[in-house]
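**Q** Mind having a look at this structure? Questions to follow.
The values are calculated or read from the model by the stated rules, or taken from the named source; none is laboratory data. Quantities reported herein were computed from a predicted structural model and do not represent experimental measurements. Here the Cβ positions follow ideal geometry from the backbone for every residue, glycine too, while neighbour counts run over all protein chains shown. These accessible areas exclude ligands, DNA and RNA; they are computed on the full protein's heavy atoms, side chains included. Shrake-Rupley method; radii C 1.70, N 1.55, O 1.52, S 1.80 Å.
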Amino acid sequence: MLIAAAVCPCPPLLVPEVAAGAAPELDGLRAACSEAVRALAAARPDCLIVVGPADRAGRGKHAQGAAGSFRGFGVELDVRLAAPTAEGTSGGGDAAGRGPSPELPPSPPTLPTSLAVGAWLLEHAGWDPAVPVEGLGVGEPLAAERCIEVGRELAGRAERVALLVMGDGTACRTLKAPGYLDERAAPFDAEVARALAAADIGALAALDEELAYELKAAGRAPMQVLAGAGEGARLKGELRYDEAPYGVGYFVASWLS
């Protein structure tokens, strides 16, 4: 059952090394993301699943320890999806709190950018590598019905499941936004923010797929996965951040019991 969730945006600029001189502009966003991830850890889940948008090559499951990279953004920075414990990628550690295994050998990057940002957030927040973690890259065209089915499946993985949902709102909030200005973007993002604040799974499930695509809302599918996972969980929502720097809607939210 889903016992906790966090929603965070996934722009590479969230990583200070990528943002470089512009890094201070997103300090508030980074702080909100760190708080949301730490709230996930405090919920003491049996496992964490990081869900984010992915192109065709990055779709599907990504095991704990999978590699990601920001080299494509001009930065020599690599990440791992919560390095496995000495017990292996199934995580677990022992009752004595056995630490992580020695440095893993290099492996080619496989994580889509959204999950690489998620891996950076986990590392930045000091995620316990003894808690099993896996990633799931979701294709933007995935239908709402299938997203909800996937969410239900994820929630059934363990008795105490947590989700870290990576995804942006619309990219059409201003004239300089990646998708230019679209007057429909602000109302769309306002409804997403309201749904996240209220942990309203019905509203997330009802997001218009076609409109989300037109407004370049990359978080639509992952958020609808969250809607499916949250069925019956009766979690309470808290909206930690709702802004549109660079004309893109960014949200940070926590769903906790």
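**Q** Quick one: residue 225 ticks every box in (1) closer than 22 Å to residue 121 by Cα; (2) open to solvent by 30 Å² or more (accessible area, probe 1.4 Å); (3) touching a helix residue (DSSP H, G or I) at 6+ places or on another chain (Cβ under 8 Å) bar one, so which box is it?
**A** (2)
**Q** Out of curiosity, is residue 202 touching a residue at least 12 places away in the same chain (Cβ under 8 Å) and open to solvent by 10 Å² or more (accessible area, probe 1.4 Å)?
**A** Numbers: touching a residue at least 12 places away in the same chain (Cβ under 8 Å): yes; open to solvent by 10 Å² or more (accessible area, probe 1.4 Å): yes.
Taking the combined requirement at face value, the residue satisfies it.
**Q** Follow-up question, since we're still on this one. So which helices (runs of 4 or more DSSP H) are wholly in the stretch 141-257 and hold at least 2 residues that are over 16 Å from the mean Cα position of the chain (by Cα)? If you could, list the steps in order and put the result at the bottom.
**A** Working: elements: 144-155, 185-198, 201-205, 209-214, 220-229.
Output list reads 144-155, 185-198, 201-205, 209-214.
**Q** For the stretch 165-182, state whether one or more residues are open to solvent by 60 Å² or more (accessible area, probe 1.4 Å), in contact with a helix residue (DSSP H, G or I) (Cβ under 6 Å, 6 or more places away or on another chain) and touching a residue at least 60 places away in the same chain (Cβ under 8 Å). Give the steps one after another, and end with the answer.
**A** The initial filter retains those residues of the stretch 165-182 that are open to solvent by 60 Å² or more (accessible area, probe 1.4 Å), namely 173, 175-176, 178, 180-181.
This time we only want the ones that are in contact with a helix residue (DSSP H, G or I) (Cβ under 6 Å, 6 or more places away or on another chain), so: 173, 176.
This time we only want the ones that are touching a residue at least 60 places away in the same chain (Cβ under 8 Å), so: 173, 176.
Yes, the conditions are met somewhere in the stretch 165-182.
**Q** Still on this structure: Where residues in the stretch 99-126 are among the hydrophobic types (A, V, I, L, M, F, W, C) and at pLDDT below 95, which of them is farthest from the chain's Cα centre (by Cα)? Don't jump to the end; show me each part of the working.
**A** Of the stretch 99-126, the ones among the hydrophobic types (A, V, I, L, M, F, W, C) are 104, 111, 115-117, 119-122, 125.
Checking which are at pLDDT below 95 leaves us with 104, 125.
Numbers: 104: 24, 125: 14 Å.
Among those that are among the hydrophobic types (A, V, I, L, M, F, W, C) and at pLDDT below 95, it is 104.
**Q** Let me ask something else. What number of residues in the stretch 106-140 are under 21 Å from residue 44 (Cβ atoms) and outside any helix (DSSP H, G or I)?
**A** 11
**Q** Condition check: crowded, with 17+ Cβ neighbours inside 10 Å and closer than 15 Å to residue 254 by Cβ. Does residue 7 satisfy that? Break it down stepwise before answering.
**A** Values: crowded, with 17+ Cβ neighbours inside 10 Å: yes; closer than 15 Å to residue 254 by Cβ: yes.
For residue 7, the condition - crowded, with 17+ Cβ neighbours inside 10 Å and closer than 15 Å to residue 254 by Cβ - is met.
**Q** Which numbered condition trips up residue 18, out of (1) aliphatic (A, V, I, L, M); (2) part of a loop (DSSP other than H, G, I, E, B); (3) surrounded by fewer than 22 Cβ atoms within 10 Å (Cβ to Cβ)?
**A** Here residue 18 clears every test but (2).
**Q** Ok, one more. Name the residues in the stretch 12-54 that are free of Cβ contacts under 8 Å to residues at least 12 places away in the same chain and in contact with an Asp or Glu (Cβ under 9 Å, 6 or more places away or on another chain), would you?
**A** Within the stretch 12-54, 19, 23 meet the criteria.
**Q** With a cut-off of at least 2 residues that are open to solvent by less than 10 Å² (accessible area, probe 1.4 Å) and closer than 11 Å to residue 134 by Cα, name the strands (runs of 3 or more DSSP E) lying wholly within the stretch 34-86.
**A** Values: elements: 47-54, 60-62, 67-69, 78-80.
Result: 47-54.
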